[in-house]
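A.B. asks: Sharing a structure below in C-alpha cells format, with a few things to ask.
Read-outs throughout are calculated quantities, based only on the coordinates presented, and are distinct from any laboratory measurement. Remember, predicted model here, so these are calculated numbers, not experimental data. All Cβ positions, even for glycine, are placed from backbone atoms using ideal geometry, and neighbour counts span all protein chains on display.
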Amino acid sequence: MAVAVAAARVWGPSRGLGQAALLALRRPGARGLARSHPHRQQQQQFSSLEDKPQFPGASAEFIDKLEFIQPNVISGIPIYRVMDRQGQIINPSEDPHLPQEKVLKFYKSMTLLNTMDRILYESQRQGRISFYMTNYGEEGTHVGSAAALDNTDLVFGQYREAGVLMYRDYPLELFMAQCYGNVSDLGKGRQMPVHYGCKERHFVTISSPLATQIPQAVGAAYAAKRANANRVIICYFGEGAASEGDAHAGFNFAATLECPIIFFCRNNGYAISTPTSEQYRGDGIAARGPGYGLISIRVDGNDVFAVYNATKEARRRAVAENQPFLIEAMTYRIGHHSTSDDSSAYRSVDEVNYWDKQDHPISRLRRYLLGRGWWDVMEAFEQAERKLKPNPNLLFSDVYQEMPAQLRKQQESLARHLQTYGEHYPLDHFEK
C-alpha cells in the first residue's frame, strides 16, 4: 500500500502507472507487482521542445539562461492623445467628432469648476468654511470621463472629482451647501467639505480614508454583473492611493471576478507632498495593470478628447465583456493638495507656472474651439449669461392697452411682497 501511495505522489493521476494498476497495487497479494515490472515506473520522455511548463500560477515558457527582469528593460507605456497642446487634432481617425453643443458643455463645465474652486478656496481663506480642495489642472480628467459614461453608471470618487458631479448637472447651490454644511446640505452637515454625494445622480458619497472606495467599487461592479444590469462602475483615485493595500485587493478581485469596472487613476505628480519619484520605481500605475490581469491604457489627462475616447471604449467593452479596465490619466495638480497644504515647500513656482500657462486642459480646449470657429458662439453664450433679466414689472405689460384693475392689484401685491421679502430673491439679477 505504501508503494502505491508513493507512486501516486511521484507520478500523479496522469503519468506512470494507470488507475487500474494503482487499484491492483491496493489489492492483497499484489505487493510484488512493482518489483516484477520496474519498466512501468519509468516516466515518459519528452524532448526539450515538447516540455511545456504546466505550473498553474503563470503563463510562460521555459528558458535555459539565467536572466532577471530589470524594471527599466521595457520602454514606458505610451501616452494616448488626440489633440496637441495647440488644440490641433493629431490623427483625424481619432477625432471623436462631437457635436458643437457637447464640446461647449465640456468647456462650460471645466470653466465653471475652475471658478467655483476659486470662490470656495477664498472662502476658506476668509474663515467662512473649514476646508477645501481645488481641482486646478485636472478638469479635463473629470469632464472627459464623465461625458463618456451613461448617467446611470455608478461613480465612486476620491475627493478631487467634483467636475464629474458638475457634468451631471449637480446644482451649484448644493455644492455650496455641502461645503458650508448648512440645512440645505444633502448630507445634513455630517461630512467635511468637498465630500459630495448624490443618490439621484449615482454618485457615491466621498469617504476621507484613502482608497477605501476601490474595493467598495469592485463589490458594486460584481453586483451589477450578477444582476445583468448593463451598467459600469467607475472608480477614481490618485496615484498615491494606488500605493494603499486596498488598491491591490480591489485590482485583484476585479480581475478574478471579471467585474465591469473602470479604475480611473489621476496621476497628477504628487501624493500630497510626495512626488512620484519617491512613490514608486516602476512605470507609473498603468504598468501594474497587466500584472493583475487588467486591460490598461495611459492617456494624456490634459486632453479632454483622449480621456473621452478611452473612457467610452473602456465602458463599452467592460459591459460587453465583463472585464475590468485601468485608465491612467497623466495630468498635473496645479493647486495645493488642500487648504491645509503649502506646496511651495516642496515644488518650485516655475514648475507650477509651466503647467498652468503651457499645458492647461482648459487652454487646450479653448484653442480647439478657436480653430473650429466655435469661440464666437461661446462668447455670445457667456455674454447672454452675464446680462440682467427683464424688470419684474414687465410681467404685467404689453397685454392690455389700459391695465385692468385686477391686474393692477396683482402688480401692487407683487411690489409689496418684494418690498418685504426682497432679500430672499436675486433681485440684483434683474433690471431695475
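A.B. asks: By how many nm would the segment from N391 to S273 grow when fully extended, if each residue of separation counts as 0.36 nm and the alpha-carbon distance is taken off?
C.D. replies: Length gained, N391 through S273: 37.3 nm.
A.B. asks: Using the structure shown, list the pairs from K188/K389; K105/K225; K105/K432; K225/K312; K199/K312; K102/K225 with a Cα-Cα distance above 25 Å, or answer none.
C.D. replies: In this structure, K188/K389; K105/K225; K105/K432; K102/K225 lie more than 25 Å apart at Cα.
A.B. asks: Order of 337-348, 388-399 by packing, highest average Cβ count within 10 Å first?
C.D. replies: 337-348, 388-399
A.B. asks: With r as the distance between the Cβ atoms of V349 and S75 and R0 = 22 Å, compute the FRET efficiency 1/(1 + (r/R0)^6) and round to 0.05.
C.D. replies: 0.10
A.B. asks: Distance between the C-alpha centers of the stretch 194-227 and the stretch 381-420? Whole Å please.
C.D. replies: Comparing the Cα centres of the stretch 194-227 and the stretch 381-420, I get a distance of 47 Å.
A.B. asks: Find which of N267, G140, M330 sits farthest along the positive direction of the dipole of the stretch 92-372, computed with +1 on the beta-carbon of Lys and Arg, -1 on that of Asp and Glu, about the Cα centre.
C.D. replies: G140
A.B. asks: Once Lys and Arg get +1 and Asp and Glu get -1 on their Cβ, which of L418, I285, M83 lies farthest toward the positive end of the dipole of the chain?
C.D. replies: Farthest towards the positive end: I285.
A.B. asks: In square nanometres and to one decimal, what's the mean projected area of the convex hull around the Cα atoms of the stretch 167-248?
C.D. replies: Over every viewing direction, the Cα hull of the stretch 167-248 projects on average to 6.4 nm².
A.B. asks: Please give the helix 349-358 orientation as an angle from the longest Cα principal axis of the chain, in degrees from 0 to 90, rounded to the nearest 10.
C.D. replies: That works out to roughly 80 degrees.
A.B. asks: Now for a different question. Relative to the longest principal axis of the C-alpha atoms of the chain, give the angle of the C-alpha long axis of helix 213-226, reported between 0 and 90° and rounded to the nearest 10°.
C.D. replies: Roughly 80 degrees, rounded to the nearest 10.
A.B. asks: Helix 304-321: angle to the longest alpha-carbon principal axis of the chain, degrees 0 to 90, nearest 10?
C.D. replies: That helix lies at roughly 50 degrees to the long axis.
A.B. asks: Largest first, please: the extent of the C-alpha atoms of the stretch 279-432 along each principal axis, to the nearest Å.
C.D. replies: That gives 80, 47, 34 Å along the principal axes, largest extent first.
A.B. asks: If you don't mind, there's one more thing I want to ask. Shape of the stretch 92-372 from its Cα gyration tensor (a ≥ b ≥ c, root eigenvalues): rounded if a/c is under 1.5, otherwise prolate when a/b > b/c, or oblate? List each step's numbers first, then the result.
C.D. replies: Details: a/c = 1.27, a/b = 1.20, b/c = 1.05.
It is rounded, given that a/c, with a ≥ b ≥ c, falls under 1.5.
A.B. asks: Just from its helices, what would the mean residue ellipticity at 222 nm be for the chain, if runs of 4 or more DSSP H residues each count -39500 (n - 2.57) and the sum is divided by every residue, rounded to the nearest 500 deg cm²/dmol?
C.D. replies: Calculated at 222 nm, the ellipticity per residue is -12000 deg cm²/dmol.
A.B. asks: Ranked highest first by average number of other Cβ atoms within 10 Å, how do 238-248, 154-164, 96-106 line up?
C.D. replies: 154-164, 238-248, 96-106
A.B. asks: Evaluate the charge dipole of the stretch 210-360 about its Cα centre and quote only its size in Debye, nearest 20, assuming +1 on the Cβ of each Lys and Arg and -1 on the Cβ of each Asp and Glu.
C.D. replies: Details: 14 positive and 17 negative charges, 155 e Å.
Roughly 740 debye, rounded to the nearest 20.
A.B. asks: Now a separate question. For the chain, give me the percentage of DSSP beta bridges that are antiparallel, rounded to the nearest 5 percent. Could you put the intermediate results ahead of the total?
C.D. replies: Working: 4 of 29 bridges.
Counting only bridges with both partners in the chain, antiparallel ones make up about 15 percent.
A.B. asks: What distance in nm lies between label points placed 7 Å from Cα along the C-beta direction at S130 and E258?
C.D. replies: Reported label-point gap for S130 and E258 is 4.7 nm.
A.B. asks: Which whole number in µm²/s is D for the stretch 75-198 by Stokes-Einstein, with the Kirkwood Rh taken over Cα pairs at 25 °C and 0.890 mPa s?
C.D. replies: Working: Rh = 16.1 Å.
Rounded to a whole number, D works out at 152 µm²/s.
A.B. asks: Could I ask something else about it? Of V204, Q358, N302, which is farthest along the charge dipole of the stretch 92-372 in the positive direction, counting Lys and Arg as +1 and Asp and Glu as -1 at C-beta?
C.D. replies: About the Cα centre, the residue reaching furthest to the positive side is V204.
A.B. asks: I want to verify a result. In a Gaussian network model of the chain, Cα cutoff 10 Å, which of these has the top mean-square fluctuation: L407, L113, L186?
C.D. replies: L407
A.B. asks: Taking the Cα centre of the stretch 356-416 as the origin, how large is its charge dipole in debye, to the nearest 20, when only Lys and Arg (+1) and Asp and Glu (-1) carry charge on their Cβ atoms?
C.D. replies: Value, rounded to 20: 160 debye.
A.B. asks: Go ahead and set up a Gaussian network model of the chain, Cα springs under 10 Å, then flag whichever of S184, S130, S75 fluctuates most.
C.D. replies: The residue with the greatest mean-square fluctuation here is S75.
A.B. asks: If you don't mind, there's one more thing I want to ask. Would you pull out the residues with amide H under 5 Å of S296's amide H, same chain only if 5 or more places away, H placed 1.01 Å from N?
C.D. replies: Amide H neighbours of S296: L326.
A.B. asks: Can I ask one more? Evaluate the charge dipole of the chain about its Cα centre and quote only its size in Debye, nearest 20, assuming +1 on the Cβ of each Lys and Arg and -1 on the Cβ of each Asp and Glu. It would help to have the intermediate numbers written out before the result.
C.D. replies: On the way: 48 positive and 47 negative charges, 399 e Å.
Using Cβ point charges on Lys, Arg, Asp and Glu, the chain gives about 1920 debye.
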